[in-house]
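Q: One structure, as structure tokens, below. Some questions next.
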Amino acid sequence: MKLLLTGFNGFVAGSVIAHAKGKWEVHGIDIAESPVNEPTVFYHTMDLLNDQKLTDIFNEIRPYAVIHTAAMANIDLCQNNQERAEQVNTGITKAIARLCQESGAKMIFCSTDTVFDGKKGNYTETDAPHPVNFYAETKVKAEQIVLSASNNNVVARLSLVMGLPVMGQGNSFLADTIEKLKMGVQVPFPANEIRTPLDVITLGSALVELAGNQYGGIIHLAGSTKINRYEMARAIATTLGYSPELIISSDSNAMEGRAPRPNDASMDNSLAKKILKTPMRTLSEGLELTMNFKI
Ligand SMILES: NC(=O)c1ccc[n+]([C@@H]2O[C@H](COP(=O)([O-])OP(=O)(O)OC[C@H]3O[C@@H](n4cnc5c(N)ncnc54)[C@H](OP(=O)(O)O)[C@@H]3O)[C@@H](O)[C@H]2O)c1
């Protein structure tokens with residue numbers, strides 16, 4: 001079966017490739033040349049905003065399923081470049097949802113825990129989103145498009161993703177933090193942001209499973225440990241043998257020029273635990289998995 005994976009060079013996609021290769025015929029799209037060299041994986045370098053080229057490649061591949069990870073994922077960049085954020089996060093998702101609808105392909109869309117306002121925490125799939133920044137607004141609009149295109153489609157709301165890049169580069173806060181800790185540099189983490197971090201290895205496995213199973217609808221892919229980002233970083237530093245004193249507390253909503261963040265965006269993972277074979281893991285289980293994962 002053919003799997004189309006957008007955002008191919010990204011952090012989450014690296015783990016999706018690792019779990020899908022050998023089981024799926026994987027076709028990846030990204031805007032830049034791929035640093036990954038996997039003989040069984042096919043690469044297509046293009047800007048997904050090019051609707052005609054996207055249509056041509058899609059019709060050439062005719063995927064069974066699409067895992068759509070490509071996005072403008074930097075919250076502050078989205079806040080300051082709203083037109084582009086809307087085009088990339090909502091517009092491209094709309095184009096892919098239409099192609100999937102026309103061909104009958106199943107679409108797995110990567111959304112975010114930050115669709116919630118963070119006033120309640122422990123959000124379930126039935127809680128209503130209430131975005132506090134523009135990035136989340138674009139994701140909520142995209143969620144609605146994906147869900148209304150087909151009952152088979154999946155909106156996977158991802159918690160904060162923790163781990164080392166499996167392939168290529170990617171936007172990994174853990175890799176950046178380890179580099180700074182090695183140099184003895186202090187690293188600020190917001191104590192006001194409570195999350196349910198999920199390791200990237202578990203996430204890749206869950207997304208591939210969703211591409212091949214019968215589930216349709218919203219699902220929260222979240223870890224089993226609820227913790228603020230400052231405490232999370234201290235726990236990680238301690239486990240990896242660095243001084244936790246190098247982790248310093250900050251408040252993301254008190255920093256000038258930053259887009260607002262939800263305080264408690266923790267998500268309930270009961271549904272994922274019930275319907276997926278992939279187990280949702282605790283912070284320490286996920287950390288062990290990501291530090292020792294080999295393809
Ligand atoms: N990482 C997290 O903690 C987290 C949490 C919740 C939700 N999510 C969501 O999960 C998804 C994956 O996140 P990630 O951390 O893997 O993001 P990422 O590392 O930034 O990967 C996204 C990839 O998409 C590519 N891309 C962006 N615009 C494109 C375009 N117009 N055409 C083709 N490719 C394009 C990016 O290329 P460039 O880098 O060159 O732009 C990048 O390689 C995103 O939808 C994100 O919103 C992530």
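Q: Any chance you could run the full-extension gain for GLU245 through THR124? It's 0.36 nm times the residue separation minus the Cα-Cα distance, nm to one decimal. Mind showing how you got there, number by number?
A: Details: separation 121, 0.36 × 121 = 43.56 nm, distance 3.44 nm.
Between GLU245 and THR124, full extension yields an extra 40.1 nm.
Q: Give me the tail of P(r) for segment 1-133 as a percent: Cα-Cα pairs with distance above 22 Å.
A: Values: 3584 of 8778 pairs.
For segment 1-133, the fraction of Cα-Cα distances above 22 Å is 41 percent.
Q: Separate question: Calculate, in whole percent, how much of the Cα-Cα pair population of segment 210-279 lies beyond 14 Å.
A: Numbers: 1713 of 2415 pairs.
Distances greater than 14 Å cover 71 percent of the Cα pairs.
Q: Now a separate question. Compute the normalised compactness of the chain: alpha-carbon radius of gyration over 2.2 N^0.38 Å, N being the residue count.
A: Cα Rg divided by the expected 2.2 N^0.38 Å: 0.95.
Q: To check my understanding: the extent here is largest minus smallest coordinate of the Cα atoms along each principal axis. What are those three numbers for segment 77-214, in Å, largest first?
A: 54, 31, 31
Q: If you don't mind, there's one more thing I want to ask. In cubic angstrom, how much convex hull volume per residue do the alpha carbon atoms of segment 115-169 span?
A: 134 Å³
Q: A follow-up question, please. Give me the net charge of ILE248's neighbourhood, meaning all other residues with Cβ under 13 Å from the Cβ of ILE248; Lys, Arg count +1, Asp, Glu -1. Walk me through the numbers before you get to the answer.
A: Details: positive: LYS180, ARG229, ARG234; negative: GLU231, GLU245, ASP251.
Counting the neighbours of ILE248, the net charge comes to 0.
Q: Rounded to the nearest 20 debye, what is the charge dipole size of the chain about its Cα centre when +1 sits on each Lys and Arg Cβ and -1 on each Asp and Glu Cβ? Kindly include the intermediate steps, with their values, before the conclusion.
A: On the way: 27 positive and 31 negative charges, 128 e Å.
It works out to roughly 620 debye.
Q: On average, how much area does the Cα convex hull of segment 1-63 cover when viewed from any direction, in nm²?
A: On the way: hull surface 15.8 nm².
Averaged projected hull area, Cα only: 3.9 nm².
Q: Quick one: Cα convex hull volume of segment 106-147, Å³ per residue?
A: On the way: hull volume 3.0 nm³, N = 42.
Spelled out: Cα convex hull of segment 106-147, divided by residues, is 72 Å³.
Q: Can you sort SER266, SER159 by how many other beta carbons sit within 10 Å, fewest first? Show your work: numbers first, answer last.
A: On the way: SER266 28, SER159 23.
Fewest-to-most Cβ neighbours within 10 Å comes out as SER159, SER266.
Q: Sticking with this structure for a sec: Taking the Cβ of LEU3 as the center, what net charge do the other residues with Cβ under 11 Å away carry, scoring Lys and Arg +1 and Asp and Glu -1? Working shown, then result.
A: Numbers: positive: LYS2, LYS21, LYS23, LYS106; negative: GLU25.
My count for the surroundings of LEU3 gives +3.
Q: Also, quick follow-up: Just name one of GLY204, LEU221, PHE189: the one whose Cα is farthest towards the positive end of the charge dipole of segment 178-245 (beta-carbon charges, Lys/Arg +1, Asp/Glu -1).
A: Projecting each Cα onto the dipole axis, the largest value belongs to PHE189.
Q: Sort THR55, THR196, THR40 so the one with the fewest other Cβ atoms within 10 Å of its own Cβ comes first. Mind dumping the intermediate values first?
A: On the way: THR55 14, THR196 27, THR40 11.
By the 10 Å Cβ count, ascending: THR40, THR55, THR196.
Q: Could you give P(r) for segment 155-295, binned at 5 Å from zero, as whole percent values over all Cα-Cα pairs?
A: The calculated distribution, bin by bin, is 2, 10, 18, 21, 20, 15, 8, 4, 1, 0.
Q: Quick one: if you take sqrt(5λ) for each eigenvalue of the C-alpha gyration tensor of segment 61-106, what semi-axes come out, biggest first, whole angstrom?
A: On the way: eigenvalues 132, 21, 6 Å².
Rounded to whole Å, the semi-axes are 26, 10, 6.
Q: Short version: what are the Cα gyration tensor semi-axes of segment 252-295, square root of 5 times each eigenvalue, largest first, in whole Å? Please report the intermediate quantities before stating the final value.
A: Details: eigenvalues 175, 64, 14 Å².
Each semi-axis is √(5λ); the values are 30, 18, 8 Å.
Q: Given 20 °C and 1.002 mPa s, compute D for segment 179-234 with the Stokes-Einstein relation, Rh being the Kirkwood radius over Cα pairs; round to the nearest whole µm²/s. The partial results should precede the final answer.
A: Working: Rh = 13.7 Å.
Estimated diffusion coefficient is 157 µm²/s.
Rule-based calculations on the coordinates, nothing more; no lab input. Please read all numbers here as calculations on a predicted model, not as lab measurements. A quick note on method: Cβ atoms are made from the backbone with ideal geometry, for glycine too, and the neighbour counts reach across all protein chains shown.
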